[in-house]
Amino acid sequence: MNLELPDAEMGKVVTRFPPEPSGYLHIGHAKAAMLNQHFAQAYKGKMILRFDDTNPSKEKEEFEESIKEDLTLLGINADQVTYTSDHFEKLYQYAIKLIDKGLGYVDDTDVTTMRAERMDGIESKNRNLSVEENLRRFQEMYEGTEFGLSCCLRAKIDMKNLNKALRDPVLYRCNTLPHHRTGDKWNMYPTYDFACPIVDSIEGVTHALRTNEYRDRNAQYDWIINSLELRKVLVWDFSRMNFVYTLLSKRKLQWFVDQGFVSGWNDPRFPTVRGILRRGMTVEALKQYILSQGASKNTVMLEWDKLWALNKAVIDPICPRHTSILKQNIVKANISGGPEVPYANDNMPKHKKNPDVGTKKTWFASIIFIDQNDAKTFGIDEEITLMDWGNAIVKSIHKSDSDPEIVIGLDLQLHLEGDFKKTKKKITWLSDTEEVLEIVLADYDYLINKRKLEENDEVKDYVTEKTEFLTNAIADFNVKQLKKGDIIQFERRGYYILDDDISTVSIPRFNHIPDGKASSMASKAAGGNSDKAAVQIVKKDPSPYTGGGGVVLITADEKE
């Protein structure tokens, strides 16, 4: 990225990332944090992590810790950690200064009326109170009296301004809940819009990076700086990242958690840092994507495909290859000419184009398992290629008596002298040995079924009915060596990330990683062609591959 900050001097740039500790970081926060770190490092300056802890109703210490952890996951290390609450006393004194200058007044107008008056440009009945009366009222706010708790401090700017952010915004509001750092000391707290420019100036910030959704408030930011005669800070806008079928509002995401639609803030369907990393996004791809956007200030709805395609480019050259076979209607194939006794080759490459990835053990036997979807495409005497073994000729195909579309068995003749370049079908397979591991493959849909929710849309009206799709499978035993968070490719199936500690669960889950292709990015719900195999009705699986205790998913057709 070839970007320059205006009026930036090498070694003197100070940026800040000011999250509110009221939720988990999402992908939009990741962009802000990465840009702040990028410019601080590019100009050999420093980045401040400042917790904007001005609302005790929302903030929790657990969120503060989670934000620190998320930034560590993203490779972001602040040079200094501060809190807006460190400056509460100074902010209080600056509020008094505004009142003394006749630039602030204490208003007991109710919220509904105040909102309507600001919208219509009508001055409050309290706008022209004397300085002395405003100071008296502000003291009542400070003490938390009954009258004081009904008041707020407002800036006295311009109620007729076309920019409604300048129509006497609220600077202080009352809240008697204890603060997680200052306890019961304060009964009132500054708003973000009041505290941010003051603390930026006090802490030496040179460039305040903000998403352009705050653009209307930039004039308010400058007004506070100028009115209090503080050192100026340059505000630099960048575009907010909005993705299709995605919500970034903490309030709306909290609703999904509260309703039980997701397992938590780290759910793979969530756009939180933890969610997208759990889905298989890499920090390197995320960083490349964010920096590639450059200085764009255009607010657009972004597709996920480019981000996941970048991610594929990062993981494909280095992730090991493994094999998985779906258990539903799994096909057993007898191989004529196969080994009488199963044997293993310990030196099969995990990645044919990258020997540094290492080797794996592959078992060869005269009975193998093949996917139903592969087997049903075979014809008698057709020559196919068994990947990593060689060619075989289909000698007979056994169909189900109850459903002639279902293949229940195959007889193959090994034909190792055959030319794999001449076969159309390259098939994954696993030997019928104990060297297989039962797994679950998980795929996901978007949580909402509308590309973009409008301002008046109710989230509950656009919730996707089913967003998690689980498929039982078996995999080569090499995956037993994987650690939680390892990324692999199941050949001919896609990229996956191990979601469990494989040493503590009997059936580990692998989350599917989108690759950026249209088929993996389309909304299953919006497209109207949800995978029939995704109807989650569980039944006992009597097959020997699970010892009789596994589960499979019944297709919609089977249900009918």
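The values are calculated or read from the model by the stated rules, or taken from the named source; none is laboratory data. It should be emphasised that the depicted structure is a prediction, and the values quoted were computed from it without experimental measurement. In this analysis, Cβ positions are derived from the backbone assuming ideal geometry, glycine residues included, and neighbour counts consider all displayed protein chains. Side chains are part of the model used for accessible areas, which takes the heavy atoms of the whole protein and leaves out ligands, DNA and RNA. Shrake-Rupley method; radii C 1.70, N 1.55, O 1.52, S 1.80 Å.
A few notes on this one:
- Cα Rg, Dmax (largest Cα-Cα span) when computed across the stretch 379-445, Å: 14.8, 44
- Taken over the chain, the convex hull of the Cα atoms encloses 182 Å³ per residue.
- Radius ratio Rg over Rh of the stretch 233-336, counting only Cα atoms, Kirkwood formula for Rh: 1.13
- Under the convention that each Lys and Arg Cβ holds +1 and each Asp and Glu Cβ holds -1, the size of the dipole of the chain around its Cα centre is about 1100 debye.
- For LEU166, the solvent-accessible surface with a 1.4 Å probe is about 20 Å², rounded to the nearest 10.
- For the stretch 178-244, the C-alpha radius of gyration sits at 1.32 times the compact-globule guess of 2.2 N^0.38 Å, with N the residue count.
- For GluC sites (Glu not before Pro), the sites in the stretch 329-429 that DSSP calls loop and that have at most 12 other Cβ atoms within 10 Å are GLU340, GLU405, GLU417.
- Stretched out straight at 0.36 nm per residue, the stretch from LEU135 to ASN226 would grow longer than its current Cα-Cα span by 30.6 nm.
- When you filter the GluC sites (Glu not before Pro) in the stretch 450-531 for DSSP loop state and at most 11 other Cβ atoms inside 10 Å of their Cβ, you are left with GLU454, GLU455, GLU458, GLU465.
- Residue (of THR182, ALA475, VAL505) at the positive-pole extreme of the chain, dipole from beta-carbon charges: THR182
- TYR446 exposes around 40 Å² of accessible area when a 1.4 Å probe is run over every protein chain in place.
- Here the spin labels are modelled as points 7 Å beyond Cα on the Cα-Cβ line, and at MET348 and SER263 they lie 2.9 nm apart.
- ³J(HN,Hα) computed for each position of the stretch 165-182 - Karplus, 6.51 cos²θ - 1.76 cosθ + 1.60, integer Hz, glycine/proline x: 5, 9, 8, 6, x, 6, 10, 9, 9, 8, 7, 8, 5, x, 8, 5, 10, 9
- A simple packing score, the average count of other Cβ atoms within 10 Å per residue, orders the peptides 73-82, 216-225 as 216-225, 73-82, with the highest score first.
- Point-charge dipole on Cβ atoms (K/R +1, D/E -1) for the stretch 1-94, about Cα centre, debye to 20: 320
- Built amide H within the under 5 Å cut-off of LEU430, gap 5+: PHE369
- Rel. contact order, % - alpha carbon contacts under 8 angstrom, at least six apart, the chain: 11
- Taking the helices alone, the chain has a mean residue ellipticity at 222 nm of -7000 deg cm²/dmol, built from -39,500 (n - 2.57) per DSSP H run of at least 4 residues and averaged over all its residues.
- In the complete set of protein chains, residue-level accessible area for ASP411 is approximately 50 Å², probe 1.4 angstrom.
- For the stretch 437-476, the Kirkwood radius over C-alpha pairs fed into Stokes-Einstein at 10 °C and 1.306 mPa s yields D = 129 µm² per second.
- Element breakdown for the chain at a 1.4 angstrom probe: carbon and sulfur atoms account for 48% of the accessible area.
- Amide H to amide H distances under 5 Å link ARG16 with ILE48, LEU209, where only residues 5 or more positions off or on other chains count and H is placed in the peptide plane.
- Within the stretch 104-246, the proportion of Cα pairs with more than 18 Å between them is 63 percent.
- Calculated from backbone phi, Karplus (6.51, -1.76, 1.60) coupling profile of the stretch 106-114 in Hz, x at Gly/Pro: 9, 10, 9, 5, 5, 4, 4, 5, 4
- Nearest 10 degrees, 0 to 90: helix 131-143 Cα axis against the chain principal axis: 40
- If you take the Cα centroid of the stretch 58-83 and the Cα centroid of the stretch 399-460, the two points sit 41 Å apart.
- With the simple spin-label model, which puts each label point 7 Å out from Cα in the Cβ direction, the THR145 to ASN161 separation comes to 3.1 nm.
- Counting only protein heavy atoms and a 1.4 Å probe, the chain has 47 square angstrom of accessible area per residue.
- Between 0 and 90°, nearest 10: helix 88-100 axis offset from the chain longest Cα axis: 40
- Candidates per GluC sites (Glu not before Pro) in the stretch 1-73, loop by DSSP, up to 14 other Cβ within 10 Å: GLU4, GLU9
- Positive-end residue of HIS322, SER292, GLY337, charge dipole of the stretch 208-340 with Cβ unit charges: HIS322
- Computed from Cα positions, the angle between helix 192-202 and the longest principal axis of the chain comes to roughly 80 degrees.
- Note, ³J(HN,Hα) from phi for the stretch 36-49, Karplus 6.51, -1.76, 1.60, rounded to Hz, x at Gly and Pro: 4, 5, 4, 5, 4, 6, 4, 9, 6, x, 9, 10, 9, 9
- Estimated FRET transfer efficiency when R0 is 45 angstrom, pair VAL357-THR299 (beta carbons, to 0.05): 0.65
- Think of the stretch 330-394 as having a plus end and a minus end, set by charges on the Cβ of Lys, Arg, Asp and Glu; of ILE368, MET348, ALA392, MET348 sits farthest toward the positive end of this dipole.
- With both labels modelled 7 Å from their Cα along Cα-to-Cβ, the LEU248 to LYS395 distance reads 6.2 nm.
- Size of charge dipole - the stretch 241-374 - debye, nearest 20, with Cβ of Lys, Arg +1 and Asp, Glu -1, no other charges: 460
- Rounded D (µm²/s) - the stretch 283-367, Kirkwood Rh over Cα pairs, Stokes-Einstein at 20 °C, 1.002 mPa s: 125
- Two-site FRET efficiency, LYS125 against GLU491, from Cβ-Cβ distance with R₀ of 51 Å, rounded to 0.05: 0.10
- In Å, descending, principal axis extents of the Cα set of the stretch 19-111: 45, 31, 21
- With Rh defined as the Kirkwood radius, the inverse of the mean 1/r over Cα pairs, the Rg/Rh of the stretch 139-215 is 1.03.
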